[in-house]
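Enquirer: Before anything else, here's the structure in question.
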Amino acid sequence: MANGRSYLCFLTKESTKQNSNNRLSYNNLEMVFEQKLNQLETTLDDNEQMNFDIYQTNNKDLEILTIAQVSPNAAIIMAWALIEHELKNLLNSNNLLENKKSNPLSLINLLLKNELLDNETIATLHDLRELRNTAAHSHQETLSYLQAIKYYELVKKIISILKGC
């Protein structure tokens with residue numbers, strides 16, 4: 001029994017050391033995340049394909065904004081799920097959705113293969129997917145409320161583009 005407790009304490013100390021060492025890399029990830037958000041914002045602001053007011057508020061907006069206050073990472077994951085849903089709708093409406101359980105990468109590649117979206121939109125989708133993966137797989141809440149909100153605004157913009165196809 002005593003050995004089990006000592007071992008548990010040892011694991012906890014090791015985890016703490018590892019987390020504090022990774023803290024620098026998490027801050028770096030946060031800076032990279034912010035830079036990528038700014039780049040995507042510029043790209044989407046230049047896009048003229050958006051067909052509705054992204055600033056209209058609905059229940060999903062309120063839900064994501066509320067969750068972002070508690071867990072920005074969770075809000076980003078929820079926002080990405082909205083993109084996935086719209087990707088599937090677009091593929092389905094073009095009779096291209098082969099497997100309803102396709103992963104996001106294969107959905108995006110299917111859109112590219114069938115030339116339903118321009119290369120800039122495809123690149124933006126890949127970047128948003130990568131940012132979602134960063135939020136989903138980081139071991140700590142490293143992203144801010146404002147980053148989650150900015151990500152969600154970008155999601156609404158890309159959904160507007162997808163709905164216009």
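The values are calculated or read from the model by the stated rules, or taken from the named source; none is laboratory data. Predicted model only: the values in this text are computed from it and were never measured. Glycine also receives a Cβ, built like all others from the backbone with ideal geometry; neighbour counts cover every protein chain displayed. Surface accessibility is based on the protein's heavy atoms, side chains included, excluding ligands, DNA and RNA. Shrake-Rupley method; radii C 1.70, N 1.55, O 1.52, S 1.80 Å.
Enquirer: Among the residues of the range 55-113, what is the count of those that are aliphatic (A, V, I, L, M), touching a Cys at 6+ places or on another chain (Cβ under 9 Å) and open to solvent by 50 Å² or more (accessible area, probe 1.4 Å)?
Expert: Within the range 55-113, residues that are aliphatic (A, V, I, L, M), touching a Cys at 6+ places or on another chain (Cβ under 9 Å) and open to solvent by 50 Å² or more (accessible area, probe 1.4 Å) number 0.
Enquirer: Sticking with this structure for a sec: Of the residues Ile108, Ile161, Ile149, which single one is in a helix (DSSP H, G or I), under 18 Å from Ser93 (Cβ atoms) and within 15 Å of the chain's Cα centre (by Cα)?
Expert: Ile108
Enquirer: Six or more apart or on different chains, Cβ atoms under 8 Å: show the pairs whose first residue is in the range 79-95 and among the polar types (S, T, N, Q) and whose second is surrounded by 19 or more Cβ atoms within 10 Å (Cβ to Cβ).
Expert: From the range 79-95, the pairs are Asn89/Leu162.
Enquirer: Please go through the range 119-146 and pick out each residue that is open to solvent by less than 80 Å² (accessible area, probe 1.4 Å) and either of a type in the set (D, E, K, R) or not in a helix (DSSP H, G or I) (or both).
Expert: Scanning the range 119-146 gives Asp127, Arg129, Arg132, Ser138, Gln140, Thr142, Leu143, Ser144.
Enquirer: Now, a different point. Within the range 42-54, take every residue that is open to solvent by 50 Å² or more (accessible area, probe 1.4 Å) and either out of contact with any Gly (no Cβ under 9 Å at 6 or more places or on another chain) or among the small types (Gly, Ala, Ser) (or both) and give me the one that is modelled with the highest pLDDT.
Expert: Thr42
Enquirer: Determine which single condition Gly4 fails, assuming it passes every other condition in (1) of a type outside the set (Phe, Trp, Tyr); (2) open to solvent by 50 Å² or more (accessible area, probe 1.4 Å); (3) farther than 16 Å from Lys150 by Cβ; (4) modelled with pLDDT under 80.
Expert: (2)
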